[in-house]
Amino acid sequence: MNSGEKKALAIIAAVVVAFVVIVGGTVAVLTKDQWSGDSTEEQPYLQLAVGDRLVRVDPTRMCDVFLKNCEPKRMADAQVQRVPVPVGESVMLSVSNDIAEWPWNLVIQYLTPEGLDGTSVPMRSNSTYTTVLHSTPDRILVNVEVQVPSAIADAQNNNVIARGYLAADTSPQDLPLPAANPR
């Protein structure tokens, strides 16, 4: 081999090593699961501002992106936080950056004269951190839920399965909820 060929091989080797380091580092950063304990960052949260109160809602249940390592382990052990929103008031809902930087889903449930009315609002990544929800006599806000997607899809229904959710029971303090239909 002459010196020109040796230089070319050295340059090619340096480029390959740099490529492996860059790609490997990028893959490690992108696949790092923030919920499994690998991260020093805080866990995802939701903040609800009602009147002069600001309430932080921690995950009701959260798993890693592959639906493993769930906390709490059993769905039956999940507890929904209570954040009453009086009729006639509004609540400002804000999600943490680690939720808002990815697509997420907002589920809102109202009690109307016709019964419970729920709606699901998909949120695009890096588009919405804060939204305002109103509770009126005709549409009483009773539940709010933020769903965080996983890496697992339900191919049969063409849906991404939520890896976790942050939920709040927002029904007013003394609201008599209708009894369940005993069909």
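The values are calculated or read from the model by the stated rules, or taken from the named source; none is laboratory data. A quick note: this is a predicted structure, and the numbers were derived from the prediction, not measured. Neighbour counts run over all protein chains shown; Cβ positions are idealised from the backbone, glycine included. Only protein heavy atoms, including side chains, enter the accessible area calculation; ligands, DNA and RNA are left aside. Shrake-Rupley method; radii C 1.70, N 1.55, O 1.52, S 1.80 Å.
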_Tell me the residue from Val87, Val55 that is of a type in the set (Val, Ile, Thr), within 24 Å of Val132 (Cα to Cα) and part of a loop (DSSP other than H, G, I, E, B), please._
Val87
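Go over the candidates Thr128, Thr119, Thr40 one by one and state the one that is hydroxyl-bearing (Ser, Thr, Tyr), in a strand (DSSP E or B) and modelled with pLDDT under 95. Steps first, please.
Numbers: Thr128 fails: in a strand (DSSP E or B); Thr40 fails: in a strand (DSSP E or B).
Of Thr128, Thr119, Thr40, the one residue that is hydroxyl-bearing (Ser, Thr, Tyr), in a strand (DSSP E or B) and modelled with pLDDT under 95 is Thr119.
Can you name the residue in the range 113-126 that is of a type outside the set (Asp, Glu) and exposed (fewer than 10 other Cβ atoms within 10 Å of the Cβ) and is also nearest to Ala162 (Cα to Cα) among such residues? First the steps, then the outcome.
Step one: list which residues in the range 113-126 are of a type outside the set (Asp, Glu), which gives 113, 115-116, 118-126.
Filter once more, keeping what is exposed (fewer than 10 other Cβ atoms within 10 Å of the Cβ): 113, 115, 119.
On the way: Pro113: 31, Gly115: 26, Thr119: 16 Å.
Per the criteria, the residue is Thr119.
Could you check, for the range 88-110, whether at least one of its residues is free of Cβ contacts under 8 Å to residues at least 24 places away in the same chain and either open to solvent by 20 Å² or more (accessible area, probe 1.4 Å) or among the hydrophobic types (A, V, I, L, M, F, W, C) (or both)?
Restricting attention to the range 88-110, the residues satisfying the condition of being free of Cβ contacts under 8 Å to residues at least 24 places away in the same chain are none.
No, the range 88-110 has no match at all.
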*Which number in (1) more than 22 Å from Gln81 (Cα to Cα); (2) surrounded by fewer than 11 Cβ atoms within 10 Å (Cβ to Cβ); (3) touching a Ser or Thr at 6+ places or on another chain (Cβ under 9 Å); (4) not aromatic (Phe, Trp, Tyr) marks the one condition that Val132 misses?*
(1)
*Determine which single condition Asp64 fails, assuming it passes every other condition in (1) among the acidic types (Asp, Glu); (2) surrounded by 18 or more Cβ atoms within 10 Å (Cβ to Cβ); (3) touching a His at 6+ places or on another chain (Cβ under 9 Å).*
(3)
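Is it fair to say Val85 is touching a Ser or Thr at 6+ places or on another chain (Cβ under 6 Å), at pLDDT 95 or above and open to solvent by 20 Å² or more (accessible area, probe 1.4 Å)?
Working: touching a Ser or Thr at 6+ places or on another chain (Cβ under 6 Å): yes; at pLDDT 95 or above: yes; open to solvent by 20 Å² or more (accessible area, probe 1.4 Å): no.
Against the criterion (touching a Ser or Thr at 6+ places or on another chain (Cβ under 6 Å), at pLDDT 95 or above and open to solvent by 20 Å² or more (accessible area, probe 1.4 Å)), Val85 does not qualify.
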